[in-house]
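Undergrad: Before anything else, here's the structure in question.
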Amino acid sequence: MLTVTDTITIEDWEITEQFIRAGGPGGQNVNKVSTAVELRFEAERSPNLPGPVKSRLKRLAGQRWTKDGALVLQVSDTRSQAQNREIARKRLADLIRRATEKPKKRIPTRPTLGSKKRRLKAKKVRGEVKAMRGKVSDDDNG
């Protein structure tokens, strides 16, 4: 059982771990030992996660979220299978913890009077600069 917060715990049946061969350095050992872990959490079917948390988790997970509603994490940080397993569980817990935080509702603000005046003044100055770029006529020199 994995404890995420005081109210959310994940049962063992919701998590499946599969050990796969990791790429990268490791010499001859890399071809023989499956040290990388692929942790699969059935988030959509989890009775312990409230609906809003599931939707936020889906958004946070991005490509790690599968079509059948599972969250897949792959960890091959170390050469130790046990350490990779712990890292994967910790990342899952952190991800769910981030999903439990409700985002602050944005309060729309209005621009200040000073900022409006500065913007209009800058537009006017820019317009005058552009107006001065016209062709010079020879009518006066004639």
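Undergrad: Using the alpha-carbon atoms, what tilt in degrees (0 to 90, nearest 10) does helix 81-100 show relative to the longest principal axis of the chain?
TA: 50 degrees
Undergrad: Right, next: Using 26 Å as the Cα-Cα cut-off, could you pick out the over-long pairs in 32/67; 58/90; 67/105; 67/104? Write down the numbers at each step before the final one.
TA: Working: 32/67 32 Å; 58/90 18 Å; 67/105 29 Å; 67/104 29 Å.
Going by Cα-Cα distance, 32/67; 67/105; 67/104 fall outside the 26 Å limit.
Undergrad: Also, I was wondering about something else. Can you list the lysines whose alpha carbon is less than 25 Å from that of residue 123, not counting same-chain residues fewer than 8 positions off?
TA: 135
Undergrad: Quick one: net charge around residue 56, please, counting Lys, Arg +1 and Asp, Glu -1 for every other residue with C-beta under 9 Å from its C-beta.
TA: +4
Undergrad: Between the alpha-carbon centers of segment 11-25 and segment 66-80, tell me the distance in whole angstrom.
TA: 7 Å
Undergrad: Additional query: Within a 10 angstrom radius of the beta carbon, how do 124, 104, 58 rank from fewest other beta carbons to most?
TA: Values: 124 10, 104 6, 58 16.
Ranked by crowding around the Cβ, least crowded first: 104, 124, 58.
Undergrad: What ranking, highest mean first, results for peptides 106-116, 79-89 when packing means the other Cβ atoms within 10 Å averaged over each residue?
TA: Ranked by mean Cβ neighbours within 10 Å, highest first: 79-89, 106-116.
Undergrad: Now, a different point. Relative contact order (percent) for the chain, with alpha-carbon contacts under 8 angstrom and 6 or more residues of separation? Could you put the intermediate results ahead of the total?
TA: Values: 151 pairs, mean separation 29.8, N = 142.
Answer for the chain is 21 percent.
Undergrad: If we count other beta carbons within 10 Å of each Cβ, what is the order of 138, 77, fewest first? Walk me through the intermediate numbers first.
TA: On the way: 138 7, 77 15.
Ordered from fewest to most neighbouring Cβ atoms within 10 Å, 138, 77 come out as 138, 77.
Undergrad: Let me ask something else. Determine the sum of side-chain charges near residue 75: Lys and Arg each +1, Asp and Glu each -1, restricted to other residues whose C-beta is under 15 angstrom from that of residue 75. Don't skip to the answer; put the middle values down first.
TA: Working: positive: 21, 40, 64, 79, 85, 89, 90, 91; negative: 17, 38, 77, 86, 94.
Computed value for this residue: +3.
Undergrad: Using only Cα atoms, what is the ratio of the radius of gyration of segment 28-74 to 2.2 N^0.38 Å?
TA: Details: Rg = 14.1 Å, N = 47, 2.2 N^0.38 = 9.5 Å.
In units of the globular-protein estimate, segment 28-74 measures up at 1.48.
Undergrad: Based on alpha-carbon atoms only, what is the radius of gyration of the chain relative to the globular estimate 2.2 N^0.38 Å? Don't skip to the end; give the middle numbers.
TA: Numbers: Rg = 29.0 Å, N = 142, 2.2 N^0.38 = 14.5 Å.
Rounded to two decimals, the normalised Rg is 2.00.
All of the numbers you see were taken from the coordinates with simple rules; none came from a lab. None of these values were measured; they are calculated from a predicted model. So basically every Cβ, Gly included, is an ideal-geometry build from the backbone, and we count neighbours across all protein chains shown.
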